[in-house]
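The values are calculated or read from the model by the stated rules, or taken from the named source; none is laboratory data. Quick caveat, the model's predicted, so the values are computed rather than measured. Glycine gets a Cβ as well: all are built from the backbone with ideal geometry, and neighbour counts include every protein chain shown. Surface areas here come from the heavy atoms of the whole protein model, side chains and all, with no ligands, DNA or RNA. Shrake-Rupley method; radii C 1.70, N 1.55, O 1.52, S 1.80 Å.
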Amino acid sequence: MSRHEVHVNFGGRIVFVGFGSIGQGILPLILRHIGTSADRITILTAEDAGHEEAEHFGVTFIKTALTRDNYRRTLEPLVSAGDFLLNLSVDVSSVALVELARERGALYLDTCIEPWAGGYVDPNASVESRSNYSMRLDALKLRDRATGAPTAVLTHGANPGLVSHLVKQALMNIAQDTDVDAGAPSSRADWAKLAQRLGIKVIHIAERDTQVANVPKEPNEFVNTWSVDGFVSEGAQPAELGWGTHERHFPADGGRHEAGSGCAIYLNRPGASTRVRTWTPQAGHFHGFLITHSEAISLADYYTVKEGDRVVYRPTAHYAYHPCDSAVLSVHEFAGRNWRLQDRKRIMLNEITKGIDELGVLLAGHEKNAYWYGSQLSIEEARLLAPFNSATSLQVTSAALSGMIWAMENPKRGVVEPDEMDFRRPLEICKPYLGTVVGEYTDWTPLHQRGELFAEDLDTSDPWQFKNVRVV
């Protein structure tokens, strides 16, 4: 399938909230694949960034910051029944926008669950309340308020989002390669039992970004290949991970949640200060930041098997992210400033000269040890495939596009997480934009070359214990 074959007619208006790197990257994809005219698209954004692109495509551009006080009077004249509210912002409450879209009869999609400004870094709030676990629970409560409501797709970018579909395809691939009859899983219970039968202990969202630019990072500058504000806000949140039933060593700084299913835990430290070991095919083994993401929680929740009220199987799931080297330097400086953002921000795009974003899922603990399945997309390929995108942003924008199209094709599903969607359709839409999509087995474990120079307290009985994965 070529990238031009998917085309969906949409009669409503599309309203963007936020127009940073992801908004700017998805606009040409929407105009390419969704049958709507530019004059039916409106952009609301707090910054000037992207104004020239909007003007180039003939799209209405309104510079205004949405707040608790003005979001309703700003959006209600723009959003009606049959429209699409696309939330790509930071500092705007996802729950508030889902509620508004539902009231107006509009479809909705976001790429992460956001609170109002300051919610992630409120020093007066508890660590638990600033977690994605708590924010996800608040969003899922919206399910109790209506049935047959307009579809609202939560957290559907690359990760969270696309990676949930990659996990399902990876499970099918592992089953085929280990002679396990996967059948035709369709329900949550079917998928969870398949993961259990295969012996999946951990799911890493393993990402290594090697893109480099000809403009070096300067002191007091935060540089990244996607939203600086988005990365900074999630990096300053507590590290979080889905907590598996095979784990025997609870972290000393770990905390459990009293509400909900208890499928995840948090650490009493920022994700951007916590590193974990992981592996991707091109990069090999490396240290990634344990950045909190909704998929770490939703995957652990979705793949839980119970006998009565007792949890008998659940995988550990977390994000392990090595951003581009300029972003790593930026995080180091950010941490040294006691998590106060630098005075200047820059998103790398035209200055990128080479590199790839290698993003996928590492499923481990099964008969063949570990299997990585995902996208290897270079900056050269990204520029050929779509304008206004880097390799990183195109993985996100193509995934968000696929979520939008899925919502248009399934308009009365209410609040939906990526794990609950049929994985085949989003992957079909995304794959032409993902570069090389590969699956590769490895005998690597987190114990590889450990203890050679310095003694370590390891659990050699099970290499996939989080104790062995985490870099203290």
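How about the stretch 1-70: which strands (runs of 3 or more DSSP E) wholly inside it have at least 2 residues that are open to solvent by 30 Å² or more (accessible area, probe 1.4 Å)?
Per the criteria, 60-63.
Scan E258, E307, E247 and give me the residue that is charged (D, E, K, R) and modelled with pLDDT under 95.
Just one listed residue meets the conditions, E258.
How many residues does the stretch 71-123 hold that are more than 16 Å from S134 (Cα to Cα), among the small types (G, A, S) and surrounded by fewer than 23 Cβ atoms within 10 Å (Cβ to Cβ)?
Number of matching residues: 5.
On the given criteria, is F334 among the aromatic types (F, W, Y), over 18 Å from the mean Cα position of the chain (by Cα), over 21 Å from M172 (Cα atoms) and open to solvent by 10 Å² or more (accessible area, probe 1.4 Å)?
Taking the combined requirement at face value, the residue does not satisfy it.
Output the residue which, of all residues in the stretch 92-113 that are touching an Asp or Glu at 6+ places or on another chain (Cβ under 9 Å) and touching a residue at least 60 places away in the same chain (Cβ under 8 Å), is nearest to F19 (Cα to Cα).
By that ranking, first place goes to V92.
Can you run down the residue pairs with Cβ atoms below 7 Å, 6 or more apart or on separate chains, where the first is in the stretch 425-436 and closer than 16 Å to A382 by Cβ and the partner is charged (D, E, K, R) and open to solvent by 60 Å² or more (accessible area, probe 1.4 Å)?
Filtered contacts from the stretch 425-436: P432/R3; Y433/R3; G435/E381.
Consider only pairs whose beta carbons are under 6 Å apart and that are at least six residues apart or on different chains; among these, list those whose first residue lies in the stretch 356-375 and is more than 13 Å from T445 (Cβ to Cβ) and open to solvent by 10 Å² or more (accessible area, probe 1.4 Å) and whose second residue is in a strand (DSSP E or B) and among the polar types (S, T, N, Q).
These pairs meet every condition: I356/Q376; I356/S378.
Restricting to the stretch 437-472, give me the number of residues that are part of a loop (DSSP other than H, G, I, E, B), in contact (Cβ under 8 Å) with a residue 60 or more places away in the chain and not hydrophobic (A, V, I, L, M, F, W, C).
7
Would you pick out the residues in the stretch 136-184 that are in a helix (DSSP H, G or I), within 22 Å of A106 (Cβ to Cβ) and of a type in the set (A, V, I, L, M)?
A139, L140, L142
Considering only the stretch 71-105, state which residues are under 14 Å from V153 (Cα atoms), in a helix (DSSP H, G or I) and not aliphatic (A, V, I, L, M).
Within the stretch 71-105, S94, E99, R102 meet the criteria.
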